[in-house]
Amino acid sequence: MSGIVGILNLDGRPIEPLLLQRLTSYLEFRGPDASDTWISGPLGFGHTLLQTTADTPREQQPFSLNGQVWITADARVDDRITLAKKLGLDDRLRRQQITDVELILQAYLSWGQSCVEHLLGDFAFAIWDERKQLLFCARDQMGVKPFYYAQVGNTLVWSNTVNCLRLHPDVSSRLNEQAIGDFLIARANYNETTTFFADIKRLPPAHILSVQHDTSLSIRRYWTMLKPDLISYNHVSDYVDHFKEVMDEAVADRLRTEKVAISFSGGLDSAVVAATVLDVAKRTGKPLDLQGFTVVYDQLIPDRERYFSGLSAEALGFPLHYQVLDGYGLFEGMEQLEWQMPEPANGSGAGNLASDLQRKISAHSRVVLYGHGGDELFRGNITLVDMLKWLPLWRVVQYAIWLYQLQRFRLPIGLNLRQRLQTLFGEKNTATIGMPTYPVFLNQGFEKRLDLTGRWEQIYGEDTHSTSGRLPSYEKVDSPLWSMVFEGCDIALSRTNLEARYPYLDLRVINYTLALPALPWCYQKSLLRQTLKGRIPEEVRQRPKTPVVADPVYALIAQGHNLSDDLTHAPAQIEEYIDIDRYIQEISLSKLGDWNTSIKLLPICLGYWLQLLEMSPIVV
């Protein structure tokens, strides 16, 4: 994780060195290990370095191989051997480490803007080609690395940090009302090209931005997630072995360090990641210090994560640290954050909790692995009836037999059998399917001006059912909301020297899992259960998907937390978006407690953010 910033004066004006240095200095929290700038006439790059891999100590950015083409990047390149072979650098890669930023630049020198089609990994970078007077920027396919830009007048400024751009004197702090509207009705900004600031745009995942000579800015998509053809193997073991292979590649590329942390739970997703980490370390023979970190409730709500996560960690053989949540109050510390959140948080977690947990993890390692993506990839939204529509009968019978063999340790009996059969043969149980309710506490003028009822129907009204049975998974993995997830774990929010990595969202893993027959492999995560066979206790491996048994937010409110008090922190500006009287009625205890409680807390989250904007101007 590094800090990147750049300025291009489109009218040819020379860069102001002090301004570029000011923006770069602000990014030192992203990269405390080195900092430098480079200027060439109307173009300037800034970079701050965070060392997270064995080769990063040799990185010197901004970087050039020939003095004519320069790059600044926040990047980790995966499958380096394959890329080096394509570039004819495999022999050099064996003899000495080549930095990731050099590999990207070599790829550009070989293939031009098509270089992104050859890159795997998490990256956001900007390249200035002096020969062509071309600025070329790109963001990775899933959007793990953020990239923001603002074009104000004859100046283009970009960075991987929103608040860095706000330091530029031409970039205003005017808010984007549409983003605020999306946030209040749907928990997030659903427009992946914008931010909460009107002047600052977001480069979407899998897109490139370019400016050549005096032409206008151009943005285009370079990659689209395809719906892969179904994989058909003849043996159960072939599916498991192939999955282990792609997970091994994804995890190995995300290590490249002697210490790593993992966000660990009592479920299957993180257990597979941890088991793979240990397998990679054993195979390579390199020393690796793996430690897990788990958040638990011991008293506030019934919670068995401590028990189940402890069983798995003990079986796999790595230490587990617990962050107990009982002592944190609702919204605790939000008004005292030492930094300005780039966008409003969509949860009620305490600011102190986030800070304490991130500091604890970063004290061990600069790299933390997450199991995000496991739930989305293994959504088995398909029935046997669906499968008969698009597969031959013999194949459906084979999959049904495999499903029985894989799930026989949990054979349904009695009424449970009836429910299981209804699920498998196409009768949907809609009793537990939730649908967000439209918030009734919005300011009517704001609501009508942005047509938020129409926007709500647009967001939630799309039908994603498909007889292919894999479209729900595809839609979940390709959702614009992933940017929100990644940015929620980004160093700009945590302010710790900690880089988040996501093995399940490696393109090799995605392409394989989306090509699996949903039955049997995605039914109750059968593939993950088979992968963990013999690795963790059966009590955990056979454990069904278990949602939180009680809402901790509601529990805190029931204990006496007065949500109306939180509104006192909001500036008067909040009334431009919220009908305060109606809102106070909606947050009475009698109207809370269902799964829509979280959306009713969003005005308070927005209020705290607006307060921080008012009280904490961006300064270096």
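The values are calculated or read from the model by the stated rules, or taken from the named source; none is laboratory data. All figures in this text were calculated on a predicted structure; none of them were measured in a lab. Note: ideal-geometry Cβ built from the backbone for every residue, glycine included; neighbour counts use all protein chains shown. Please note that ligands, DNA and RNA were not included when accessible areas were found on the heavy atoms of the full protein model with its side chains. Shrake-Rupley method; radii C 1.70, N 1.55, O 1.52, S 1.80 Å.
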Handout entry: Filter result for ILE557 (farther than 26 Å from LEU353 by Cβ and open to solvent by less than 50 Å² (accessible area, probe 1.4 Å))
Key = no
Exercise for the section: Give the residues of the range 274-305 that are within 28 Å of ALA558 (Cβ to Cβ) and in contact with a Ser or Thr (Cβ under 7 Å, 6 or more places away or on another chain), sorted by residue number. Expected result: THR294, GLU305
Problem - Selection status of ASP36, among the acidic types (Asp, Glu), open to solvent by less than 20 Å² (accessible area, probe 1.4 Å) and under 30 Å from GLN212 (Cα atoms) - result: no
Completion exercise
LEU93 passes all but one of the listed conditions (1) hydrophobic (A, V, I, L, M, F, W, C); (2) at pLDDT 95 or above; (3) assigned to a helix (DSSP H, G or I); (4) open to solvent by 10 Å² or more (accessible area, probe 1.4 Å); the exception is number (2)
Practice task
Under 7 Å between Cβ atoms, at least 6 apart or on separate chains: pull out the pairs that start in the range 74-100 with a residue that is farther than 21 Å from MET1 by Cβ and end on any residue that is open to solvent by less than 60 Å² (accessible area, probe 1.4 Å) and modelled with pLDDT under 85.
Solution key: ILE81/ASP90; ILE81/LEU93; ALA84/ASP90; ALA84/LEU93
Practice task
Considering every residue within the range 225-237, establish whether at least one is modelled with pLDDT of 95 or more, touching a helix residue (DSSP H, G or I) at 6+ places or on another chain (Cβ under 8 Å) and either among the aliphatic types (A, V, I, L, M) or under 25 Å from GLY373 (Cβ atoms) (or both).
Solution key: no
Exercise for the section: Filter the range 476-496 down to residues that are of a type in the set (D, E, K, R) and modelled with pLDDT of 80 or more and give me whichever is least open to solvent (accessible area, probe 1.4 Å). Expected result: ASP490
Problem - Enumeration of residues in the range 109-154 that are part of a loop (DSSP other than H, G, I, E, B), open to solvent by less than 10 Å² (accessible area, probe 1.4 Å) and of a type in the set (Asp, Glu) - result: ASP140
Handout entry: Hey, ASP170 open to solvent by less than 30 Å² (accessible area, probe 1.4 Å) and either within 17 Å of LEU481 (Cβ to Cβ) or not in a strand (DSSP E or B) (or both) or not
Key = no
Practice task
Can you tell me which residue within the range 265-281, out of those that are open to solvent by 10 Å² or more (accessible area, probe 1.4 Å), touching a strand residue (DSSP E or B) at 6+ places or on another chain (Cβ under 9 Å) and under 15 Å from SER312 (Cβ atoms), is modelled with the lowest pLDDT?
Solution key: SER265
Completion exercise
Selection from the range 155-167 of residues outside any strand (DSSP E or B) and either in contact with a helix residue (DSSP H, G or I) (Cβ under 6 Å, 6 or more places away or on another chain) or open to solvent by less than 10 Å² (accessible area, probe 1.4 Å) (or both) yields ASN160, THR161, VAL162, ASN163, CYS164, LEU165, LEU167
Exercise for the section: Would you check which residues across the range 530-555 are touching a residue at least 24 places away in the same chain (Cβ under 8 Å) and basic (Lys, Arg) and list them? Expected result: ARG535, ARG541, ARG543, LYS545
Exercise for the section: Select the helices (runs of 4 or more DSSP H) contained entirely in the range 562-620, then report the ones holding at least 3 residues which are modelled with pLDDT of 90 or more and more than 30 Å from ARG22 (Cα to Cα). Expected result: 580-586, 602-615
Exercise for the section: Identify, by number, the condition in (1) crowded, with 16+ Cβ neighbours inside 10 Å; (2) farther than 30 Å from LEU43 by Cβ that ALA198 doesn't meet. Expected result: (2)
